[in-house]
Amino acid sequence: MSRLDSFIRRLKAQRLCLDWAVDQIADLPGPVLELGLGNGRTYDHLRERLQDHRPEREIFVFERKVAAHPDCVPDDAHLFLGDVHDSLPGAMARIGARAVLAHCDIGTGDSKLTAKLASFVGPGLGPLLAPGAVVAADQAMDIPGCRPVPLPEGVAEGRYHLYRKDPD
Ligand SMILES: C[S@@+](CC[C@H](N)C(=O)[O-])C[C@H]1O[C@@H](n2cnc3c(N)ncnc32)[C@H](O)[C@@H]1O
C-alpha cells in the first residue's frame, strides 16, 4: 500500500470513528475534549458535527503549540496551551464538568515517544470522563474505567481505537 493510500485510509477511519462517537453522545450533556489540535482538521469536523445536536456544547482543546488554520483555533477559555503533562492533571478545575467525548490525536512521527505519551494520557483522561463517555484515539490507551468498543464498519482493527466509560 502506498503511503498516500495509507494516509487516506487513516483519515477515513478517523472520520468514521468521530462521526460514530458524535452520534453516541447526542443525548448526553457535557463538554468535549480534543487532545492534539494540529492544523485543526478534526477540531473543525467535531465542531461542525456537534452543531447538529447541541450547538451549545463546549469543546476544550489541548495543544502544546498552536499552528492551526486561523479559523480552527479555539478561544483562550477553551484552549489548554502547553504540554499535556502539565495541563491535563488540573484540567477539571477549568472544564467544570466531566466530558462525554474525548478525541486523542497526539501521535507524532516518533512511535516510542507517542506510546509513552499515550501511557500518560490514558490514566490522566479517566477522571475527566462522565459515565457513558466515548473516547476516540489514534493510539491504544489504558483508560481507567473504560473498555474498548468495537470499531464501526469500514475501520480496520488497530487503525483507530474506541473506548467507553463504565457507569460510576
Ligand atoms: C497529529 S497532530 C493532531 C492533528 C489534528 N487532530 C488535526 O486533525 O489537524 C498531533 C498534535 O498533538 C500535539 N502534541 C503532541 N504531543 C503533545 C503534548 N505532549 N502536549 C500537547 N500537545 C501535544 C502536537 O503539537 C500536534 O499538534
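None of the figures in this text is laboratory data; all of them are computed from the coordinates on show. These numbers were taken from a predicted model, which means no experiment stands behind them. Glycine also receives a Cβ, built like all others from the backbone with ideal geometry; neighbour counts cover every protein chain displayed.
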Place a +1 charge on the Cβ of each Lys and Arg in the chain and a -1 charge on the Cβ of each Asp and Glu, then give the dipole magnitude about the Cα centre in debye, rounded to the nearest 20.
420
The chain - percent relative contact order, Cα under 8 Å, separation 6 or more:
24
Provide the percentage of antiparallel DSSP beta bridges, counting only those with both residues in the chain; round to the nearest 5.
30
List the lysines whose Cα lies under 21 Å from the Cα of K112, skipping any in the same chain that are fewer than 8 positions away.
K65
Ranking of T108, T42 by count of other Cβ atoms within 10 Å, fewest first
T108, T42
Please compute the length gained on full extension between D86 and A67, using 0.36 nm multiplied by the number of residues separating them and subtracting their Cα-Cα distance.
4.9 nm
Full-stretch length increase - T114, D19 - with 0.36 nm per residue and alpha-carbon distance subtracted
31.8 nm
Give me the extension gain from N39 to E157: residue separation times 0.36 nm, minus the current Cα-Cα distance, reported in nm with one decimal.
39.9 nm
Ascending count of other beta-carbon atoms within 10 Å, so fewest first, for M92, M1, M141
M1, M92, M141
Would you list H69, H78 from fewest to most Cβ contacts within 10 Å?
H69, H78
How would the chain be classified by its alpha-carbon gyration tensor: rounded, prolate or oblate, with rounded meaning a/c under 1.5 and the a/b versus b/c comparison settling the rest?
rounded
Given the candidates S111, G132, H161, the one whose Cα lies deepest towards the positive end of the charge dipole of the chain, counting +1 at each Lys or Arg C-beta and -1 at each Asp or Glu C-beta, is S111
